[in-house]
Amino acid sequence: MTTQYWLVKQEPTDYSWDDFVRDGRTAWTGVRNYAARLHLRAMRKGDQVFFYHSNEGKCVVGLAKVAATAYPDPTAEAESGWVAVDLVPVQALAEPVTLAQIKASPPLKDIALIRQSRLSVMPLRAAEFKQLQKLGGR
DNA sequence: GCCAACGTTGGC
DNA sequence: GCCAACGTTGGC
């Protein structure tokens, strides 16, 4: 199975990269959007996931990986169909990649983060993933 | 604080 | 099934 690449968005005032690192592992709960749910269900163990701070920060701050595939979201009603995955931090980027940098980078012009600005869980093409790593100093 | 994008809800 | 109203997200 080839590794897939993703990006998840979170407001740092709700749950920041630092909170995530402190926890060491987290259940990615609370997603209540059908498109995002499809992406959660498609995640496989070991997939690489960039962590983006929305609203305050507006930058990609770190890299995580999928530790557990989709299971019923404990914060949703039973049988509702909403799912969560478990993520573990891999490493912070040496330099956070800002939204402005992303918008200014030709390889990232079609990134879902820009094209579908409200989606909270999205796939990344391999080239997009590599470009974010490069801009982030990794 | 404003507003564009867009998903959801509910009347018809 | 359509679409207007409404709520939420998130950049600016």
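The values are calculated or read from the model by the stated rules, or taken from the named source; none is laboratory data. Only a predicted model underlies this, so the values are computations on that prediction, with no experimental measurement involved. Here Cβ is always computed from backbone atoms with ideal geometry, including for glycine, and neighbour counts include all displayed protein chains. The protein model used for the area step is the full one, side chains on, heavy atoms only, and it has no ligands, DNA or RNA in it. Shrake-Rupley method; radii C 1.70, N 1.55, O 1.52, S 1.80 Å.
Summary table
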read-out	value
The stretch A:59-85 - residue that is open to solvent by 30 Å² or more (accessible area, probe 1.4 Å) and within 16 Å of DNA strand C (Cβ to nearest atom) and, of those, farthest from the chain's Cα centre (by Cα)	A:T75
Unmet requirement for A:Q131, which otherwise passes all of (1) of a type outside the set (K, R); (2) out of contact with any Ser or Thr (no Cβ under 7 Å at 6 or more places or on another chain); (3) open to solvent by less than 50 Å² (accessible area, probe 1.4 Å)	(2)
Residue list for the stretch A:12-58, restricted to those being in contact (Cβ under 8 Å) with a residue 12 or more places away in the chain, within 16 Å of DNA strand B (Cβ to nearest atom) and open to solvent by 70 Å² or more (accessible area, probe 1.4 Å)	A:T13, A:R32, A:R41, A:N55, A:E56, A:K58
